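Asker: The following block contains the structure, expressed as structure tokens.
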Amino acid sequence: MTKYLVIIAHSPNGWTDASPEQRQRWHQNHIDFHRVVGEHLLAGEALAGVDTATTLRHGDAGWAMTDGPYAESSEVIGGFYLLEADHLDQVTTWCELLPDCYALEIRPCVTVDGLDG
Amino acid sequence: MPDLETVWREEWGRLLALLLAQTRRLDLAEDALADAFEAAARRWPIDGPPESPAAWLVTVARRRIVDRQRAEAIAARKMPLIAVEEQQRESTVSDDGHDLLRLVLLAAHPALAPEAGAALTLRLVLGVATADIARLFLVSEPTMAARLTRARKKVVAAGVPFAIPEPEVLASRLDTVALVAYLAFTAGYAPGSGPDVVRIDLAGEAIRLVELVRTNDVAAERNPALVGLHALMVLQHSRRFARTSADGSLVLLDDQDRRLWRFDEIDRALHLMTPLIGRSSTLSAVAQSFLLQAMIAAVHATAPTAADTDWVRIAALYAELEALTGSPVVRLNRAVAVAQAQGPAVGLGILDGLDDELGGSHRLPAVRAELLARAGRSEEALTAYSLAIERCDNAPERAALLKRVQAFGSCHVDPGSGPIPVDVASATQFPGS
């Protein structure tokens, strides 16, 4: 089993501009995803808007804190799921249940020696 | 004694697939199989050839894998993997062709960039040496070695499965396999630079790949994208001996000695593609694209002379292909076909607006120059020729352009004698279903 982080990116106004029916369908997509992935789903959170983001970046003078997200992008990170699966195809199959307005980045997690509980 | 090189060519992919099925360790399996072939090169001339070369190689490779796993286990201060050894001694060489299909689907997985997938497929499935893949793709050996290493790492880290997906997903995966094979084939038939007009070796390897996959699995054998591609490749490849003259220069389709074409291969390709014709609406976009290209190649291949070519039919097929793919390269080819059917002025009109998309290519000014020359607009033709020559990196094509300028006045156009080069962008445009 490998742990995978699924990062959800979407257009910032996607949800606010959507019709109630659209939102209902997207909610249902998430419910289906939860049901199908079951116990393989380890964690998942929706994130508050990018206007609430704070970025920490290390520079010459140490850590600098700035307002806002780090991505200069029209799409923003809206949430994530952490799940475990045997292989990539299993993850992509599950992720196809999620709302089609998303772009999803799937990244395997690595184990860092010495950091395991 | 069995020729070791033949055993390598015929068995590499199947044996690697088998070892991978048992170990699930791409790194171990690949190294161990290479070691086994090396051992065979030393031992067979002395000990005599084994009764079953494949079984001999697998046994040696398995022993290497167990050695490595034991060393790893000791390094990790865990129990030696005696159980693994016992279990592996039990299994024998299986004839399950599905292992090979799993390997092909692993190397040509859509999570890999198409060029990386093409290189990895040649390496893993056909056992082509890294140095040869580098030569075929016109990059340095260290560059290709690094590209292959990245691709292997992605396969292992991202967990690309060594498995055959459900039938409905399998069809789209086989479409990806076909695109990867096509990319290798195109690199052989339309080299962007270098001394060769055609790199027959690479085109031949791509055909071998498709044949190997199709003969090993029923779903692959019938997959329309693979069948259409197979027919297209064989049709293009059937002209290989006529495409270059004795001095290595390019011979355009109109000037080719048709007696040098391999008509047995042309017949085979026509036979292959016939069942697909008329089924367009049920085919994936990738399959339709290959079938249309094969149908165009078939019109050329079945014309008794260049003058007998049915350009109206070819122009119509290109129009269909352009509607399907939106590719500027297809439009360029359509312009040539339309010029042949309706005259250069109509063809020139179709070239309008292509400069943005094909700005850096030498093919656009080369075609424009030919059509301008035929329309009697000599001065503009010469300007376009200069631009084409300036941009052309392929030595024989450049020589052909220079010759054309010198022999100005007896111009004609090479009408789509090669496959349509596919770049990564247009390869990924296909929806894959």
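Asker: Just to make sure I understand: if all protein chains stay in place, what is the order of A:55, A:66 by accessible area at 1.4 Å, largest first?
Answerer: A:66, A:55
Asker: If R₀ is 45 angstrom, what is the calculated FRET efficiency for the pair residue B:345 and residue A:24, using the beta carbon separation as r and rounding to 0.05?
Answerer: 0.20
Asker: Any chance you could give the angle, 0 to 90 degrees and rounded to 10, that helix B:311-325 forms with the longest Cα principal axis of chain B?
Answerer: Tilt relative to chain B: about 50 degrees.
Asker: Along segment B:13-25, what does the Karplus equation 6.51 cos²θ - 1.76 cosθ + 1.60 (θ = phi - 60°) give for ³J(HN,Hα), rounded to whole Hz, x for Gly and Pro?
Answerer: Result, ordered by residue: x, 5, 5, 4, 4, 5, 5, 5, 4, 7, 9, 6, 10 Hz.
Asker: Further question on the same structure: Could you work out Rg/(2.2 N^0.38 Å) for chain B, with Rg from alpha carbons only?
Answerer: 1.09
Asker: For the protein assembly as shown: lysine pairs with Cα atoms under 26 Å, gap of 8 or more or different chains, count?
Answerer: 4
Asker: Tabulate in residue order the Karplus-calculated ³J(HN,Hα) for segment B:36-52, using 6.51 cos²θ - 1.76 cosθ + 1.60 with θ = phi - 60°, rounded to whole Hz; enter x for Gly and Pro.
Answerer: After applying 6.51 cos²θ - 1.76 cosθ + 1.60, I find 5, 5, 5, 4, 4, 4, 7, 8, 4, x, 8, 7, x, x, x, 5, 10 Hz.
Asker: Before I look further, what does chain B give for accessible area per residue, probe 1.4 Å, in whole square angstrom?
Answerer: 44 Å²
Asker: Over every pair of different alpha-carbon atoms in the protein assembly as shown, take the mean of 1/r and invert it; report that Kirkwood radius in Å.
Answerer: 26.7 Å
Asker: Given Cβ point charges of +1 (Lys, Arg) and -1 (Asp, Glu) and nothing else, what value in debye, to the nearest 20, does the dipole of segment B:4-78 about its Cα centre take?
Answerer: Approximately 480 debye in magnitude.
Asker: Moving to a separate point now. Can you give the angle from 0 to 90° between the axis of helix B:395-406 and the longest principal axis of chain B, with both taken from C-alpha atoms, to the nearest 10?
Answerer: 10 degrees
Asker: Then there's this: Give me Rg/Rg_expected for segment B:4-78, where Rg uses Cα atoms only and Rg_expected = 2.2 N^0.38 Å with N residues.
Answerer: Expressed relative to 2.2 N^0.38 Å, the Cα Rg reads 1.15.
Asker: What base-10 log of the normalised intensity I(q)/I(0) is obtained for segment A:2-108 from the Debye formula, alpha carbons as equal point scatterers, at q = 0.09 Å⁻¹?
Answerer: With one equal scatterer per Cα and no solvent, log10 I(q)/I(0) is -0.28.
Asker: A further question on this structure: Can you list the HN-Hα couplings for segment B:209-222, worked out from phi with the Karplus curve (6.51, -1.76, 1.60; θ = phi - 60°), rounded to whole Hz and with x for Gly and Pro?
Answerer: The phi angles translate into 4, 5, 5, 4, 5, 5, 7, 9, 8, 5, 4, 5, 4, 9 Hz.
Asker: Which FRET efficiency, nearest 0.05, do residue B:129 and residue B:280 yield, Cβ-Cβ r, R0 45 Å?
Answerer: Taking R0 as 45 Å, the efficiency between residue B:129 and residue B:280 is 0.65.
Asker: Which angle from 0 to 90°, rounded to the nearest 10, does the C-alpha axis of helix B:141-157 make with the longest principal axis of chain B?
Answerer: Tilt relative to chain B: about 60 degrees.
The values are calculated or read from the model by the stated rules, or taken from the named source; none is laboratory data. Predicted, not measured: the structure shown is a model, and the values here were computed from it. Please note: Cβ atoms are built from the backbone with ideal geometry, for glycine as well, and neighbour counts cover all protein chains shown. Heads up: the accessible areas ignore ligands, DNA and RNA and are worked out on the full protein's heavy atoms, side chains in. Shrake-Rupley method; radii C 1.70, N 1.55, O 1.52, S 1.80 Å.
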